[in-house]
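Visitor: There's a structure below that I have some questions on.
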Amino acid sequence: METERKKRSDVARFAPATVAKIRVLHGRQLKAEDYAELMACRTVNEAAAYLKTSTHFGDALSAVDTNTAHRGMIEDVLRKSVFYEYKRITDFERLNKQGFYNFCIIREEIAELLRCIRYLNADDKNAVKYIQNLPLYINKYTSFDMQKLPQLGSFGELVEYLDKTPYKPIMKKLCPPGGEKADFTKCEIALRTYYFSRLFETAGYFDEKTTEKLYELVGVQVDMINIINGYRMNAYFHEEGKTIESLMLPFGKTAAKKMFDLYDSADAADFMARLGRTYYGRLMHENGFDAYDLETAAQKLKFMYARKALSDSQEAPVVVYAFEHLMQNEVSNVIRVIESVRYGVPASETERILVI
Amino acid sequence: MSSIERMEYVNISGPAGLLDRTLRVISDSGSFHIEPASKVIAPSEDSYVPHDDDPYAPALAVLADISSMCGIKYSEVPCDSLKNASLQRMFKTVNSIKSRIAKKSNDMQYASDRLNENEQALTQVEHLMGLDVDIRSLMSCTSFRVSFGKLPKDSYEKLSYYEDKPFVFILLSDDDEYCWGVYFSPLSSAKETERIFESLYYERVEIPGFVHGKAEDAVKNIREHIEKYTKRRDDAQKALDELIKENKSVLCEHYTRLTELHELFALRSKAVITGDRFDLVGFVPKRSAEDFRKAFGELPEVGVMMKPSDKFDAISPPIKLRNSKLAEPFGMFVEMYGLPSYDGINPTTLVALTYTLLFGIMFGDLGQGICVCLLGLFLWKKKNMRLGAVMTRLGVSSAIFGTLFGSVFGTEELLVPVYRSMGIDFLPFRSMENINTVLYGAIGIGVAIIIISMLVNIVVKFRQKDFESSVFSNNGICGLVFFCALIFGVVSAFMGKNVMKGLYVPLLIILPLILMFFREPLGCAVAGKKFRFENGVGDFIASNFFECFEFFLGYATNTLSFVRVGGFVLSHAGMMAVVISLTEIYPHASPVIMVLGNIFVMCLEGLLSGIQVLRLEFYEIFSRFYDGSGRPFVPVKVNFGEHPENT
């Protein structure tokens, strides 16, 4: 185990080419002025043409006819390009041999499992929509064949199908009796807990400095998830602190006691006031994030941490993880803009929710 | 010496029918600056300003169309053959050329459009090569919905989920991103099929109407069409090029003539027509007045009345600077700031002397000065750049001061033997060993320049009968006395002699200060006007107190500003010392370091010195006497360069 740990930490320390490559790719990411140009487009096709001719998405969109392509297809192409970029990065110095670097695939697997559960639970199943959004481009990297998912009829079948995958024991515990609907919330918590546990575990295999940085980066992301979910449960469902705590991810950078202080707020206003007194609240205020748009503020905070980690670190795992987050963020921004263009949302409103 | 050209005010009057010929004469003279006559002669019931429609505009528009159709750039050419040509004839000529060009252009456009159409069709049809059925007969099926199109590859894999649906998709070809094919669906379930394919981002491909037969035959057919239309387009292009070549000189002649007529016609709006007579006004340099009058010899009915422009108040005369050959290039700095007023002063010679002196001091190096001079000569003579002429003068000055500093491309030893052989021990002057002298010297030059500027202001303002500015202002006699007394007092104190005793301070410092404080009322008194406290006595005292303080501060800062001259002397020497040191550290690369180092220092120091001296000129010198409110003298001339027809 010690030899294994030492070997892995050696790999992490000596991936400078990957770190350099990521910095170059980061330099090509869209900047505020690029988003401004995009928001100035009048139609989706114009926006797609801009992305094709003036941004690094040009390669991904090279074979797409931006005059006729559907908006959904353009968004799929963008998401696919991010995944392939991630694959290229992890293949570059064969980092993909390390368990940690498969975080993206595991995250996508979990996202698809949750989508499948939502689909199985739906009264009015829209198979066409479900199939449309199936990301088959990652199929050859996943631990189960995604193509079979639309053909499953029940949660029980799903559990059986996940045989020989790490998800089976988790899902089996949540299997409802007699063909009833599964508790989606419990499934989500269980799968996310598995994801972050695995992430923290594999992060621990690197040297101390790398592990510490990864714990911080991932910890902030977990905190943001917990804060947003905690706020929603408090504000919209008026749940008690203990109930909220039981449904939160049991990780994070912030101490459990401080998080509980938030969950135990009397109402939404109290929650925001308490949040304002926390480290995150002060950080949001210092950076001018509108804490009342908590979703966007949380995204911006995660973005800020990721960008700082990318610029300050030399360790490949930290840089890869941070950059993958930035890539996902960039595609989310672009999709938001495209949808705003499609539905004629004013640029000033779109700008508010962009994370840049 | 520099001066402002004296102008004669001119009033030209004659029969209205001779207006165009008159405009031609004044345009040909090249020395008449026209002003709107309505400034002098107010339009009334009997008089009006002619604003007719330009009859030459349609012909020029045709020329513009020709230019945009085939990218011709017109140039000014001799057009004597069109001297007596009527407008109608010229219009007919250009129109006929346009029609012929348009026809050829349309042929070419038609061939290009068909070519594009066929190329696009080929792209589509090539993907259907696997189809062994007549495309048209498939498209005309009545029981089935048939659709040709493409699916992203990811979506093609998802078709397997719809095996139970009533449609069939036949894959014909694929590339990296898409799968091309055709689907068939019964009409009854066409809508559902369409929805499914839409969800898979299916893009329908329209097969053009002229595509017939099986895919393979259609491709062959389209390729033949492409070849045919490519040839047709190339032939049309060739014919168009030949047509343009044949007619270019004719077009340029017509362009020249029509532009001339158009510009002259536009000048009609400067005249005023009273009854059946016209009036034109403007200015002519006094030196050219006689020649201008003689030019009207062939138009005896047209009367030309002239008088000196200082006796004419209605319009201020335009400014034309007269400069000596040596100072003329520096006129560009004066024009940059703004032209002087007619009763002002042309500062070009002062700029030339001070700029050359200061730059020479700051950039002093014999070798580098020669290089700057030669570069300037090249830019001036070959590229016709005014800055090149400036650089030649600056280069010479730099070379002279470089000789005094003993600096030749940064080395300070080369000229020592020359001086010693001449018995001169005090040269070369080593700036780095005499830093104080350099800095004090720079301040001394600054003081001298400021005093000269003040003297200029005094003379100019006296001429303008502005006694407040010439006597009582901070740049007038009082300011000059105050400044000189202060400087003398400070210098004397430095040299151990105290002159600030007795009546020195009260007479030469306090009295001028008091007079400057009361400059406005005193100025009014001398001019015989009544002075009023606009905002009260308190405000007058407070504002003048602070203004006097500002004057005092201004003297100090303006004087110390010249320290930069010394600073640049030292920095130039310092930078070259670094270059020399590098050549000593890397002796094997010393020629390269020497060359690159000198180029770098020349560019950097040259640019900085030029900018700093210009700053001194504008802020420290011009601000003392110059207003820059003059209008440029622009003689009437046809301008061929900037026309819409030529862009």
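Visitor: In 10 Å bins starting at 0, how do the alpha-carbon pair distances of chain A split up by percent?
Guide: Spelled out bin by bin, chain A gives 5, 21, 30, 31, 13, 1 percent.
Visitor: Now a separate question. When the C-alpha atoms of the protein assembly as shown are aligned to their principal axes, what extent does each axis show, in angstrom, from largest down?
Guide: 115, 87, 74
Visitor: Sticking with this one: In the stretch B:467-556, with Lys and Arg counted as +1 and Asp and Glu as -1 at Cβ, which of these residues, B:Gly502, B:Asn544, B:Phe488, has the Cα nearest the positive end of the dipole, that is, farthest along it?
Guide: The residue sitting farthest along the positive end of the dipole is B:Gly502.
Visitor: Roughly how large, in nm² to one decimal, is the mean projection of the convex hull of the alpha-carbon atoms in the stretch B:370-521?
Guide: The number I arrive at for the stretch B:370-521 is 14.3 nm².
Visitor: Please report, largest first and rounded to whole Å, the three semi-axes of the ellipsoid equivalent to the stretch A:207-314, where each semi-axis is the square root of five times an eigenvalue of the C-alpha gyration tensor.
Guide: For the stretch A:207-314, the semi-axes come out at 25, 16, 10 Å.
Visitor: Okay, next question. Rounded to whole Å, give me the distance from the Cα center of the stretch B:270-316 to that of the stretch B:512-532.
Guide: The stretch B:270-316 and the stretch B:512-532 have Cα centres separated by 42 Å.
Visitor: Please get the size of the charge dipole for the stretch A:99-197, origin at its Cα centre, with Cβ charges of +1 on Lys and Arg and -1 on Asp and Glu, quoted in debye to the nearest 20.
Guide: 160
Visitor: Starting from 0 in steps of 10 Å, tell me what percent of the Cα-Cα pairs of the stretch B:1-41 lands in each bin.
Guide: The percentages, shortest bin first, are 21, 50, 21, 7, 1.
Visitor: Then there is this: Can you list the residues of the stretch B:555-574 with backbone N under 16 Å from a point 7 Å past the Cα of B:Glu584, pointing along Cα to Cβ?
Guide: B:573-574
Visitor: Where nothing but the Cβ of Lys and Arg (+1) and of Asp and Glu (-1) is charged, how large is the charge dipole of the protein assembly as shown around its Cα centre, in debye to the nearest 20? Display every interim value, and only then the final one.
Guide: On the way: 116 positive and 125 negative charges, 374 e Å.
Value, rounded to 20: 1800 debye.
Visitor: Could you check the spin-label model distance between B:Asp134 and A:Ala269? Points 7 Å from the Cα along Cα→Cβ, value in nm.
Guide: Placing both labels 7 Å along Cα→Cβ, they lie 8.0 nm apart.
Visitor: Still on this structure, please answer the following. Can you pull the mean other chain C-beta count within 10 Å for peptide A:72-79?
Guide: Across A:72-79, the average partner-chain Cβ count within 10 Å equals 3.
Visitor: Continuing with this model, one more query. Arrange the peptides B:536-546, B:163-173, B:278-288, B:591-601 so that the one whose residues have, on average, the most other Cβ atoms within 10 Å appears first.
Guide: B:278-288, B:591-601, B:163-173, B:536-546
Visitor: Rounded to the nearest 0.05, what FRET efficiency do B:Ser96 and B:Val592 have when you use their Cβ-Cβ distance and R0 = 60 Å?
Guide: Given R0 = 60 Å and the Cβ-Cβ separation, E is 0.35.
Visitor: Exactly which GluC sites (Glu not before Pro) in the stretch B:179-270 are in a DSSP loop and have at most 16 other Cβ atoms within 10 Å?
Guide: For GluC sites (Glu not before Pro) across the stretch B:179-270 that sit outside H, G, I, E and B with at most 16 neighbouring Cβ atoms in 10 Å, the list reads B:Glu206.
Visitor: On to the next question. Measure nothing fancy, just the Cα-based angle from helix B:87-126's long axis to the longest principal axis of chain B, in degrees from 0 to 90, nearest 10.
Guide: In chain B, helix B:87-126 runs at an angle near 50 degrees to the longest axis.
Visitor: Distance between Cα centroids, the stretch B:457-487 to the stretch B:207-264: provide it in whole Å.
Guide: About 74 Å separates the Cα centre of the stretch B:457-487 from the one of the stretch B:207-264.
Visitor: Now for a separate question. State to the nearest 20 debye the size of the charge dipole of the stretch A:207-314 about its Cα centre, where the only charges are +1 on K and R beta carbons and -1 on D and E beta carbons. Walk me through the numbers before you get to the answer.
Guide: Values: 14 positive and 17 negative charges, 52 e Å.
I would put it at about 260 debye.
Visitor: Reachable lysines from B:Lys530, Cα under 22 Å, same-chain residues fewer than 8 places away excluded?
Guide: B:Lys461, B:Lys465
Visitor: Could you tell me which of B:Thr256, B:Ser341, B:Tyr74 has its Cα farthest along the dipole of chain B towards the positive end, charges placed at Cβ (Lys, Arg +1; Asp, Glu -1), taken about the Cα centre?
Guide: B:Ser341
Visitor: Restricting to Cα pairs below 8 Å that are 6+ residues apart, what does the relative contact order work out to for chain B? Please round to a whole percent.
Guide: That works out to 22 percent.
Visitor: Among the trypsin sites (Lys or Arg not before Pro) in the stretch A:162-244, which ones are in a DSSP loop with at most 13 other Cβ atoms within 10 Å of the Cβ? Mind listing them?
Guide: Listed in order of number, the matching sites are A:Lys164, A:Lys181.
Visitor: Give B:Lys73/B:Lys104; A:Lys129/B:Lys165; B:Lys307/B:Lys529; A:Lys148/A:Lys168; A:Lys31/A:Lys87; A:Lys140/A:Lys173 a once-over and call out the pairs whose C-alpha atoms are over 25 Å from each other.
Guide: Flagged as over cut-off: B:Lys307/B:Lys529; A:Lys140/A:Lys173.
Visitor: Convert 4 °C to kelvin, take the viscosity as 1.567 mPa s, use the Kirkwood radius over C-alpha pairs of the stretch B:137-183 as Rh, and evaluate the Stokes-Einstein diffusion coefficient in µm²/s, rounded to a whole number.
Guide: Rounded to a whole number, D works out at 112 µm²/s.
Visitor: Show me the GluC sites (Glu not before Pro) within the stretch A:205-304 that DSSP assigns to loop and that have at most 14 other Cβ atoms within 10 Å of their Cβ.
Guide: On the way: sites: A:Glu208, A:Glu212, A:Glu216, A:Glu239, A:Glu240, A:Glu245, A:Glu286, A:Glu295; in loops: A:Glu239, A:Glu240.
Answer by residue number: A:Glu240.
Visitor: Calculate, in nm to one decimal, what B:Asp425 and B:Phe531 gain on full extension: separation in residues at 0.36 nm each, minus their alpha carbon distance.
Guide: Full extension from B:Asp425 to B:Phe531 adds 31.9 nm.
Visitor: Also, quick follow-up: Over the stretch A:104-199, what is the mean sequence separation of C-alpha contacts under 8 Å (at least six apart), divided by residue count, expressed as relative contact order in percent?
Guide: This gives 30 percent for the stretch A:104-199.
Visitor: Please grab the % of Cα pairs in chain B that end up more than 31 Å from each other.
Guide: 73
Visitor: What's the extension gain from A:Glu157 to A:Lys140 if we count 0.36 nm per residue and subtract their Cα-Cα distance?
Guide: Here the segment from A:Glu157 to A:Lys140 would lengthen by 4.0 nm.
Visitor: Among A:Tyr280, A:Thr210, A:Leu294, whose Cα sits farthest toward the positive end of the charge dipole of the stretch A:207-314 (+1 at Cβ of Lys/Arg, -1 at Cβ of Asp/Glu, about the Cα centre)?
Guide: The residue sitting farthest along the positive end of the dipole is A:Thr210.
Visitor: Once the mean 1/r over all distinct Cα pairs of the stretch B:513-617 is inverted, what Kirkwood radius in angstroms do you read off?
Guide: About 18.4 Å for the stretch B:513-617.
Visitor: Provide the per-residue ³J(HN,Hα) series for the stretch B:557-564, in order, calculated from phi with Karplus coefficients 6.51, -1.76, 1.60 and θ = phi - 60°, each as a whole number of Hz, with x at glycine and proline positions.
Guide: Karplus values, whole Hz, x for Gly and Pro: 5, 5, 5, 5, 4, 6, 4, 4.
Visitor: I've got another one for you. Any idea how far the Cα center of the stretch B:546-624 sits from the one of the stretch A:100-173, in Å?
Guide: If you average the Cα positions of each part, the centres end up 73 Å apart.
Visitor: At B:His212 and B:Cys484, where each label point lies 7 Å from the Cα along Cα→Cβ, what is the point-to-point distance in nanometres?
Guide: 10.6
Read the figures in this text as sums done on the coordinates, not as results from a lab. In this text the structure is predicted, and so the values were computed from the model without any measurement. No Cβ is skipped: glycine too gets one built from the backbone with ideal geometry, and neighbour counts run over all protein chains shown.
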